[in-house]
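Just so you know, all these numbers are worked out from the coordinates, no wet-lab data involved. Note that the coordinates shown come from a computational prediction; the quantities given were computed from them, not determined experimentally. We place every Cβ from the backbone using ideal geometry, glycine too, and count neighbours over all the protein chains shown.
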Amino acid sequence: MERRALGEGRRAMEGPEIRTALPGPKAREYLEWSRQFEPRSMSEQVPLVWARARGCIIEDVDGNRFLDFTSGVLVTNVGHCHPEYVAAVKEQAERLYNCYDFVTPQRAALAKKLVELTPPHLTKAFILTTGSEAVEAAIKMARRFTGRYEIIAFHGAFHGRTYMAMSVGGKAGVKRGFGPLVPGVLHAPFCYCYRCPFGREVSTCNLFCLDYLDYLLETESTGSVAAVITETYQGAAGSIVP
Ligand SMILES: Cc1ncc(COP(=O)(O)O)c(C=O)c1O
């Protein structure tokens, strides 16, 4: 496919504009259907019913336009409906829509490209659909490869909503009502200097949180650590950069 610069050929969508009381009349109807016919977890966002989006602008079913600060939870990095992306999806859907897990040229080429782009010790790419799935797969691989089972994880972490992903998470709300969770997880406080869980100051703490990890291993581990899982910075806990 001919490559185009990002944004080139993108049909402009005007900036934010609120035309009705919010939520508008059509939105209220769909929100009611959602409340009635979908699980409660599917209508807990702000009451906005998306009709279409382009670049960083969302239009709702009543014609109100908003600036998108969600960015598809960080995955619509080229903006909504970029023409090059839309053309690629369309072309693929017309050629081959589903092939279970058989190899395709596109998937093999993507894996090759990802391995070439990442540091040399990362020699494989396992392409999955969701974050939770990736967390499940990573932990399964770590356990089978090492023959051990303990996973070190951090308070405040969010890794997804499937059982293992929830179990390594460090936020109580996500887990409430679902216990007991998957065993073998050792949780430690995250390195959060602004609000140190140990009440220390960064200028004098001498990285006490790392010493605490040693203490955790001494007191909780049976010597069977398979992996450590952490976000590079904690998102759901409040964008905490260690
Ligand atoms: C750091 C992190 N890991 C895992 C997940 C779970 O991803 P998914 O919702 O695609 O299962 C999320 C989702 O927001 C996340 O922020």
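Charges on Cβ only, +1 for Lys and Arg, -1 for Asp and Glu, centred on the Cα centroid of the chain; of 25, 240, 70, which one is farthest towards the dipole's positive end?
Value: 25.
Using 1/(1 + (r/R0)^6) with R0 = 25 angstrom and r between the beta carbons of residue 127 and residue 228, what's the FRET efficiency to the nearest 0.05? Each step should come with its number before you reach the end.
On the way: r = 23 Å, r/R0 = 0.93.
Approximately 0.60, to the nearest 0.05.
Two decimals, Cα atoms only, Kirkwood Rh: what is Rg/Rh over the chain? Each step should come with its number before you reach the end.
On the way: Rg = 22.4 Å, Rh = 22.0 Å.
Rg/Rh for the chain comes to 1.02.
Residue separation times 0.36 nm, minus the C-alpha to C-alpha distance between residue 141 and residue 69: what's the value?
The residue 141-residue 69 span can extend by a further 22.5 nm.
Just check the stretch 25-87 against the gyration tensor rule for me: Cα atoms, a ≥ b ≥ c as the square roots of the eigenvalues, rounded for a/c under 1.5, and otherwise prolate or oblate depending on whether a/b exceeds b/c. Present the calculation step by step, with values, prior to reporting the outcome.
Details: a/c = 2.29, a/b = 1.75, b/c = 1.30.
Here the stretch 25-87 falls in the prolate category.
Can you give me the angle between helix 25-37 and the longest principal axis of the chain, using Cα atoms only, in degrees from 0 to 90, rounded to the nearest 10?
Tilt relative to the chain: about 50 degrees.
For a quick protection proxy, order the peptides 76-89, 171-184, 141-154 by their average other-Cβ count within 10 Å, most packed first. Please list the in-between numbers first.
Values: 76-89: 15.0, 171-184: 11.1, 141-154: 16.8.
Top of the packing list down: 141-154, 76-89, 171-184.
By its C-alpha gyration tensor, with a ≥ b ≥ c as the square roots of the eigenvalues, how is the stretch 177-242 shaped: rounded for a/c under 1.5, else prolate for a/b larger than b/c, else oblate? Kindly include the intermediate steps, with their values, before the conclusion.
Values: a/c = 2.17, a/b = 1.31, b/c = 1.66.
Since a/c reaches 1.5 but b/c is at least a/b, the shape of the stretch 177-242 is classed as oblate.
Taking the Cα centre of the chain as the origin, how large is its charge dipole in debye, to the nearest 20, when only Lys and Arg (+1) and Asp and Glu (-1) carry charge on their Cβ atoms? It would help to have the intermediate numbers written out before the result.
Numbers: 28 positive and 26 negative charges, 75 e Å.
Taking the Cα centre of the chain as origin, the dipole is about 360 debye.
Hey, which of these cross-link pairs are over 31 Å Cα-Cα: 26/90; 90/175; 112/171?
Working: 26/90 29 Å; 90/175 39 Å; 112/171 36 Å.
Over 31 Å apart, Cα to Cα: 90/175; 112/171.
Fewest Cβ neighbours within 10 Å first, please rank 30, 100, 163 accordingly.
Working: 30 17, 100 4, 163 13.
In order of increasing Cβ crowding within 10 Å: 100, 163, 30.
Could you tell me which GluC sites (Glu not before Pro) in the stretch 161-222 are loop residues by DSSP with no more than 13 other beta carbons within 10 angstrom of their beta carbon?
Values: sites: 201, 218, 220; in loops: 201.
Those satisfying the criteria are 201.
Classify the stretch 111-207 as rounded, prolate or oblate, taking a ≥ b ≥ c as the square roots of the eigenvalues of its Cα gyration tensor: rounded when a/c is under 1.5, otherwise prolate if a/b is larger than b/c and oblate if not. Could the numbers behind the result be given before it?
Values: a/c = 2.05, a/b = 1.31, b/c = 1.57.
Oblate, since a/c reaches 1.5 and b/c is not below a/b.
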